[in-house]
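*Asks:* For reference, the structure I am asking about is given below.
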Amino acid sequence: MKKILILAALLLGVITTSSAQTVETIRKDYNEAKTLQNSEIPKNNYQVVINKMYGGSGPHKEVVTMIPHVDYDDENNPGVPLFTPFLITSKFNWGAREYYQEFLFSDKGQVEFIYAKGVDENDFSEIEYRFYLNSSSVIKLIVNRKNANDSKFTQEYSGTSVTPKYKNDYDKYINNASSLLKLFQSINQYN
């Protein structure tokens, strides 16, 4: 009986491990999305360009590009493509400062990777974030920084949790992912 329980526990562990998100599976999905984004063949995508003028900082331009998963095997509408978010990018400026964000979504519509590059408002250094996520939490966070006198980024943090120092930025990017997902869904309704 004890051997059966151990074998059952091992099998359950293998099943749950094989379906869990890992950094490697997220990187595989990301590479697939970037290949699709950079492909020369005709593709499905949406793009929104926002131009605004702000007093004190001048023109603000944001370009949001959305690349969907396309599934033709929808049980309810066979042969009709079903579009779900795959990769959403946002490039914008705030005054002279440039910002860039990428949000990778699983085929279930959950954000699984966030890349963000921008300027730290406290010391004006450049900062990069890479958040690897599963359905409930961060599985890896990498933070790189480049000060004004540096020629390349250096790693500031790498870990499996969001420390208090990075919590506000993490929350901001999760909110951005949610907003861009709503934008995707709004545009997708017109198809």
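The values are calculated or read from the model by the stated rules, or taken from the named source; none is laboratory data. Owing to the predicted nature of the structure, the values given are computational and were not obtained by experimental measurement. Here the Cβ is made from the backbone with ideal geometry for all residues, glycine too, and neighbour counts use every protein chain on show. Only protein heavy atoms, including side chains, enter the accessible area calculation; ligands, DNA and RNA are left aside. Shrake-Rupley method; radii C 1.70, N 1.55, O 1.52, S 1.80 Å.
*Asks:* For the range 41-191, what is the accessible area per residue in Å² when the probe is 1.4 Å? Don't jump to the answer; show the numbers that get you there.
*Replies:* Numbers: 8840 Å² over 151 residues.
Per-residue accessible area for the range 41-191 comes out at 59 Å².
*Asks:* Also: Nothing charged except the Cβ atoms of Lys and Arg (+1) and of Asp and Glu (-1): what's the magnitude of the dipole of the range 101-191 about its Cα centre? Round to the nearest 20 debye.
*Replies:* 200
*Asks:* Counting only protein heavy atoms and a 1.4 Å probe, tell me what percentage of the range 44-101's accessible area is made up of carbon and sulfur. Kindly include the intermediate steps, with their values, before the conclusion.
*Replies:* Working: 1790 of 3460 Å².
Percent of accessible area from carbon and sulfur atoms in the range 44-101: 52.
*Asks:* Sticking with this structure for a sec: If you filter the range 106-139 for chymotrypsin sites (Phe, Trp or Tyr not before Pro), then keep DSSP loop positions with at most 12 other Cβ within 10 Å, what is left?
*Replies:* Within the range 106-139, the qualifying chymotrypsin sites (Phe, Trp or Tyr not before Pro) (loop, at most 12 other Cβ atoms within 10 Å) are Phe124.
*Asks:* For the range 24-98, with the dipole built from +1 on Lys and Arg beta-carbon atoms and -1 on Asp and Glu ones, taken about the Cα centre, which of Ile26, Phe86, Val64 lies farthest toward the positive end?
*Replies:* The one lying farthest along the dipole's positive direction is Val64.
*Asks:* Which lysines, on any chain, are close to Lys172 with Cα under 29 Å apart, when same-chain ones fewer than 8 places away are left out?
*Replies:* By straight Cα distance, Lys172 reaches Lys28, Lys34, Lys52, Lys61, Lys91, Lys108, Lys117, Lys140, Lys146, Lys152, Lys182.
*Asks:* Once the range 84-191 is represented by equal point scatterers at the alpha-carbon sites, with solvent omitted, what log10 I(q)/I(0) does the Debye formula produce at q = 0.12 Å⁻¹?
*Replies:* Here the Debye-derived log intensity ratios amount to -0.44.
*Asks:* I've got another one for you. Let me know the longest stretch in the chain that avoids all trypsin sites (Lys or Arg not before Pro) found in a DSSP loop with at most 12 other C-beta atoms within 10 Å.
*Replies:* 44-107
*Asks:* Let me ask something else. So, with +1 on the Cβ of K and R and -1 on the Cβ of D and E, and no other charges, what is the size of the charge dipole of the chain about its Cα centre, to the nearest 20 debye?
*Replies:* 400
*Asks:* Additional query: For Rg/Rh (Cα atoms, Kirkwood Rh), pick the label among (i) 1.05; (ii) 0.97; (iii) 1.25 that corresponds to the value derived from the coordinates.
*Replies:* Read-out from the structure maps to (i).
*Asks:* Magnitude of the Cβ-charge dipole of the range 142-191, K/R +1 and D/E -1, about the Cα centre, nearest 20 debye?
*Replies:* My answer is approximately 40 debye.
*Asks:* Could you pull out the GluC sites (Glu not before Pro) across the range 55-148 that fall in loop regions by DSSP (anything but H, G, I, E, B) with no more than 12 other Cβ atoms inside 10 Å?
*Replies:* Details: sites: Glu62, Glu75, Glu98, Glu102, Glu112, Glu121, Glu126, Glu128; in loops: Glu75, Glu121.
Here the sparse-neighbourhood loop sites are Glu75, Glu121.
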